[in-house]
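Student: Here's a structure for you.
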Amino acid sequence: MTSNTARQDAAIADRAILANSAYADGRHLAARQSIYRWQRPRYDLPGIVLEELAGTSGIVLDVGCGNGRFVNRLHEDRPDLRVVGVDVSAGILAEVEGPVLVADAQALPFADDSADAVLALHMLYHVGDIEAAVEELARVLRPGGVLVVSTNSDTDKRELDRLWVRAAGDVLGLAEGPARVSLSSRFSLEGAPGFLGAAFGDIRVRELPGVIEVTDPAPVVAHLASYEAWADRCGVPFRETVGRAAEIVAAGIGAEGAFRITCRGGVLVCRF
C-alpha cells in the first residue's frame with residue numbers, strides 16, 4: 001500500500017500527465033468541480049478570492065489557473081486588474097481569457113517583485129518541488145502583496161475514499177482494495193502552513209466546511225471518473241471500479257434516500 005501511495009504521489013506531480021492527460025483540456029477538472037453544486041453551504045470561491053483582493057490593484061498572476069474559473073471571474077468583476085493566467089498545460093489554457101502563459105510554478109518567467117497578488121488555487125499539490133514553488137511565488141510577489149492559496153483537508157471527502165476502497169475490493173475479490181488517488185495529500189490544509197511559513201510570516205486560514213448530498217449516483221461517478229489520468233496508478237481496473245462504486249452509491253441512495261459526502265476545504269491568505 002505504501003508503494004502504491006508513493007507511485008500515486010509521483011504521478012500527481014508528473015508534468016507529462018498533467019499537461020497531456022489530466023489537464024489536456026478542461027473536461028476532467030470541470031467534472032471534479034461540478035460535484036460542489038450539491039454542497040451546502042455552497043461557497044462562491046471566485047467571490048471569496050475577489051474579497052481577498054479587494055485592496056489590490058495592478059498585476060495578478062493566477063499560477064496553475066486550469067480552466068480559468070478564477071481568471072475569467074476576475075476579468076469580469078475587476079477589469080481594473082491586469083490578470084495573467086499561467087499553467088503547464090497549453091491545452092487547458094485554450095479555454096482561458098488572455099493573456100495566458102505556459103509556465104512551471106517552480107520557475108516562473110517573471111521578474112522579482114513584479115506582481116501585486118498571486119493566486120495558487122488547488123494546484124500546489126501538483127508541483128514536484130513544493131518548497132521551490134513557494135519560493136517562486138514569494139519571489140515574484142511585491143512587498144505588501146498577497147498570495148491566495150487553496151487546498152483541501154486530509155479529512156476531505158472521506159466517504160469517497162471509503163467508497164473507492166470498497167468498490168476496488170469488490171472488483172479484486174478482496175476485503176479492501178487499494179486507496180484512491182488523493183490529490184491534496186501532498187499539500188493539504190493541515191500541511192500547507194508548514195510549506196508557506198518558510199516564506200510568509202502572516203498566514204490566515206479560512207476554512208470552508210460543508211456537506212454534499214446527492215440523490216443520483218451521476219455526480220459521484222463523474223467525480224471518480226475524472227481521475228482517469230492516473231488510472232494505471234490505482235492498482236485496480238479503473239472503469240470497473242467506477243462502475244462498482246456507482247452500484248454501491250445507488251444502493252445507498254435507495255436505502256437512505258441520499259449519499260452524503262463531508263467536505264473540508266480552505267483558503268490561505270499569505271503576506272510577508
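The values are calculated or read from the model by the stated rules, or taken from the named source; none is laboratory data. Values in this document were obtained by computation on a predicted structure and should not be read as measured data. Methodologically, a virtual Cβ is constructed for each residue, glycine included, from the backbone with ideal geometry; neighbour enumeration extends over all protein chains shown.
Student: Given the structure, is residue 159 of a type in the set (Asp, Glu), assigned to a helix (DSSP H, G or I), touching a Ser or Thr at 6+ places or on another chain (Cβ under 7 Å) and touching a residue at least 60 places away in the same chain (Cβ under 8 Å)? Walk me through it before giving the result.
Tutor: Details: of a type in the set (Asp, Glu): yes; assigned to a helix (DSSP H, G or I): yes; touching a Ser or Thr at 6+ places or on another chain (Cβ under 7 Å): yes; touching a residue at least 60 places away in the same chain (Cβ under 8 Å): yes.
When the stated conditions are applied, residue 159 passes them.
Student: List the pairs whose first member sits in segment 190-203 and is farther than 14 Å from residue 127 by Cβ, whose second member is at pLDDT 95 or above and polar (S, T, N, Q), and whose Cβ atoms are under 8 Å apart, counting only residues at least 6 apart or on separate chains?
Tutor: As it stands, the answer is 190/153, since those pairs meet every condition given.
Student: Are there any pairs, at least 6 apart or on different chains, whose C-beta atoms fall under 6 Å, with the first in segment 100-124 and of a type in the set (D, E, K, R) and the second not in a loop (DSSP other than H, G, I, E, B), and if so, which?
Tutor: Between residues of segment 100-124 that are of a type in the set (D, E, K, R) and residues that are not in a loop (DSSP other than H, G, I, E, B), the close pairs are 112/139; 113/142; 116/59; 116/142; 116/145.
Student: Right, something else. Is segment 225-241 home to any residue that is closer than 30 Å to residue 138 by Cα, modelled with pLDDT of 95 or more, surrounded by fewer than 17 Cβ atoms within 10 Å (Cβ to Cβ) and within 23 Å of the chain's Cα centre (by Cα)? Quick ask: steps written out before the conclusion?
Tutor: The first filter runs over segment 225-241 and keeps only residues closer than 30 Å to residue 138 by Cα, leaving none.
For segment 225-241, residues closer than 30 Å to residue 138 by Cα, modelled with pLDDT of 95 or more, surrounded by fewer than 17 Cβ atoms within 10 Å (Cβ to Cβ) and within 23 Å of the chain's Cα centre (by Cα): absent.
Student: Further question on the same structure: From (1) at pLDDT 95 or above; (2) surrounded by fewer than 18 Cβ atoms within 10 Å (Cβ to Cβ); (3) over 24 Å from residue 48 (Cα atoms), pick out the condition that doesn't hold for residue 202.
Tutor: (3)
Student: With the requirement that a residue be surrounded by fewer than 19 Cβ atoms within 10 Å (Cβ to Cβ), under 16 Å from the mean Cα position of the chain (by Cα) and in a helix (DSSP H, G or I), what does segment 208-223 give you?
Tutor: Hit for segment 208-223 is 222, nothing else.
Student: Ok, one more. Just give me the residues in segment 162-207 being of a type in the set (Asp, Glu) and part of a loop (DSSP other than H, G, I, E, B), in sequence order.
Tutor: Start the filter on segment 162-207 by keeping residues that are of a type in the set (Asp, Glu), which leaves 170, 176, 190, 202, 207.
Scanning segment 162-207 gives 176, 190.
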